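Every read-out reported here was derived from the displayed coordinates using simple, explicitly stated rules and does not represent laboratory data. Bear in mind the structure is a predicted one, so any value in this text is a computation, not a measurement. Please note: Cβ atoms are built from the backbone with ideal geometry, for glycine as well, and neighbour counts cover all protein chains shown.
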Amino acid sequence: MIPLRRTCKQVAAILIAREDRAITLPDSVALRLHLMACKACPRFERQLLTMRNAMRQWRHYAEDVETDA
């Protein structure tokens, strides 16, 4: 049996890894369970999403500036 309990440190690593690759089903289930029970980790997840969106906007802005030049 695969343990589904993760620490905040482990969840942070999963959230960061999820940016680059698909995570396993046990990690996905453990992540959901942890995010329902923890106050800090959902905040960290929102911060990661904010950074990802900001980088996406910056990339599009940088591409638009390069094509206009």
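What number, in percent, do you get for the relative contact order of the chain if the mean sequence gap of Cα pairs under 8 Å and at least 6 apart is divided by its residue count? Relative contact order of the chain: 32 percent. Screening the chain for whole DSSP H helices with an alpha carbon extent of at least 27 angstrom along the helix axis and a mean Kyte-Doolittle hydropathy of at least 0.5 yields nothing. Checking Cβ-Cβ separations below 4.7 Å across the chain identifies Cys8 as cysteines lacking any candidate disulfide partner.
Please compute the Kirkwood hydrodynamic radius of the chain from all pairs of different C-alpha atoms, in Å with one decimal. Show your work: numbers first, answer last.
Working: mean 1/r = 0.0731 Å⁻¹.
Computed over the chain, the radius equals 13.7 Å.
Calculate, in nm to one decimal, what Ala22 and Cys8 gain on full extension: separation in residues at 0.36 nm each, minus their alpha carbon distance.
Contour length minus Cα-Cα distance gives 3.1 nm.
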